[in-house]
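Rule-based calculations on the coordinates, nothing more; no lab input. As the structure is a prediction and not an experimental result, all values here were calculated from the model. No Cβ is skipped: glycine too gets one built from the backbone with ideal geometry, and neighbour counts run over all protein chains shown.
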Amino acid sequence: MSDNKKILIADSDKKLTTSLKGVLKDKGYDAVISNDGATALNKALSEMPDMIVLSVALPTIDGIKLSQILRSNPRTESIPLIFLSDSDIYIPHFQRHRDSLFIKPANIDEVAARIYSIFDKAAKTRDVSREGKLIEGGLSEISLPDLLQMFSMNKKEGRLYLTKGKDKGDIWLQDGNIIDAAIGEVVGEKALFRLLTWKTGSFRFLPAKVNVPHKINRATDNLIMEGLRQYDEWESLKDKFPPMDARLKVLIDPSTLPKGLRPITQEIFLLLEFYPKVSDVIDRNTFPDYEVMRTIMTLLTKGIIDITQDKGQEERPILPKEDILKLKERFASRMNYKLDREFGKVLIFSHDNDRIRYVINAINILPEFYIHKDFLKGMGSNQYLGVAGHLQIGDNIQITFIAVPVSEIFSPLWRPLSNSMLGGLTILSGEAERWDEINKIAGYFQGGLGKPMAFAIPEGEASVDKVREVKEHLNRKNDVMLFPIVKNDAEGVRNMLSSLFRSVIGAL
């Protein structure tokens, strides 16, 4: 149904304008023709068409300039534009969610079909806006940008649920403004820009009072235009980007870099210390994907980072299957229940954040280990207390590594932290140790609770004398589990964890 829609056709090709007008008239549309830019501008302002088809190469005022004038006028800024061009050119005021571009010679039937589609989508959007409490539908019928603009115009408040296959996303709105978005653990503008690329899937909007923190503070139109611009840029440059599974390495000492680096660059260097793969750096960086990739490209071009041929370490189980079964059975019997998925803790004790970072970085070489999202953020000047990472053993055992400062101040937390605890790992400093505090920790967890305790020290600081020192200060005559920690040594890390967990099997 045309609903008496008016379409302005602006092109110097009279054969094209006449043909398109005839096709549209047969469908009940009211079409008017202009053969130059000045006349087209006059008719656009006086007749206020519902859509404009315009040639980029219009005489008097070209199509690019005309679109700029129309988009700067509040009365005409929202009129959809269909551009006709001799080549695939960049159009500054092109709105991807609203406008279209056809390369000449354009097929008249295809142009007409696009016009019908745009009006049909607009009609469905109006139908959705008139719905009652629950609004739902498909993204193939109403695009997400159109949906968000409709919510903005109607000052909607609530939560928009999005589903695409197994992927799920959420967008929160308040007074029509987007205040946050999420897809998995990704939030804010980064999540919104990812969701804007969804062309298929379903949506469900539930009006409700929203009380989530404002992680997004830009106008809806600006957000949509920027998100779609970044998507277009990504698509046009993706062949030049490094593969997502490529591994990166820093070629210079980051401490020699000048101060005042952009926050996105600082994040990339921090992440590369733990995550060499391109996909991990992009996923875990808080900035939008395109901005991260462009920064990676800049660092590659300047020779600050490079793509390494290192394929990573060969995988070998930390424990053989029979030991995994023993760990599950012993752990389940100790807890007096059995779960489909078992959980346990390893407490890492240290008084130095740099030491914790070093050890976690070394363990992170294992593909079964992943660093907790809050670990990097929490490694400030204060001693870090919290989850450092998770280790997957077998199919259904997950071990959580929790960093605990070596200080009696934190002793009230020892009892609650001991729940589901498998063992402990104390990181030695190689210098003057806090033996009184280390003794209290070992006495409480190993002497009192029977939890196996191991000791780790960075490469080059482990020696026979160090083992003797540990035995002497801990008053232990039997063997001490003391392991040197070496970066990029997956075998050494596996041996350390394997020894600790085998001690757990014997102690439970």
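A few comments on the model shown:
- Applying 1/(1 + (r/R0)^6) with r as the Cβ-Cβ distance of Arg229 and Asn382 and R0 = 41 angstrom yields a FRET efficiency of 0.55.
- Using a simple spin-label model with pseudo-atoms 7 Å out from Cα toward Cβ, Phe102 and Ser411 lie 8.2 nm apart.
- Among [x] 72, 51, 49; [y] 87, 54, 46; [z] 99, 52, 40, the entry derived from the coordinates for Cα extents along the principal axes in Å: [z]
- Distance (nanometres) between label positions extended 7 Å along Cα→Cβ at Asp374 and Thr163: 3.0 nm
- Shown here are the Rg and Dmax of the Cα trace of the range 131-235, at 12.5, 38 Å.
- Projected label points at Asn361 and Asn211, each 7 Å from Cα along the beta carbon direction, are separated by 4.3 nanometres.
- Modelled FRET efficiency - R0 30 Å, Ala38 with Ser78, Cβ distances, 0.05 increments: 0.85
- Full extension of the chain between Ser46 and Ser279 gives 78.7 nm of extra length, using 0.36 nm per residue less the Cα-Cα distance.
- Partners for Lys121 among lysines (Cα-Cα distance below 16 Å; same-chain residues under 8 apart left out): Lys5, Lys199
- In range of the label at Asp354: residues from the range 252-268 whose backbone nitrogen is under 18 Å from the point 7 Å along Cα→Cβ: 253-257
- Among the listed pairs Lys345/Lys471; Lys25/Lys155; Lys277/Lys326; Lys164/Lys240; Lys104/Lys164, those with a Cα-Cα distance over 31 Å are Lys25/Lys155; Lys277/Lys326; Lys104/Lys164.
- Placed amide H near Val53: partners under 5 Å, 5+ positions off or other chain: Leu8, Ile9, Ala10, Ile82
- The chain, helix-only ellipticity at 222 nm - DSSP H runs n ≥ 4, -39,500 (n - 2.57), divided by all residues, nearest 500: -11500 deg cm²/dmol
- Segment Ser418-Val486, extension gain: residue separation times 0.36 nm, minus the distance between their alpha carbons: 21.7 nm
- A Stokes-Einstein calculation at 4 °C with viscosity 1.567 mPa s, built on the Kirkwood radius of the range 22-120 over Cα pairs, returns a diffusion coefficient of 94 µm²/s.
- Computed from Cα positions, the angle between helix 490-507 and the longest principal axis of the chain comes to roughly 60 degrees.
- For the range 75-206, Kirkwood radius (reciprocal of mean inverse C-alpha pair distance, Å): 16.1 Å
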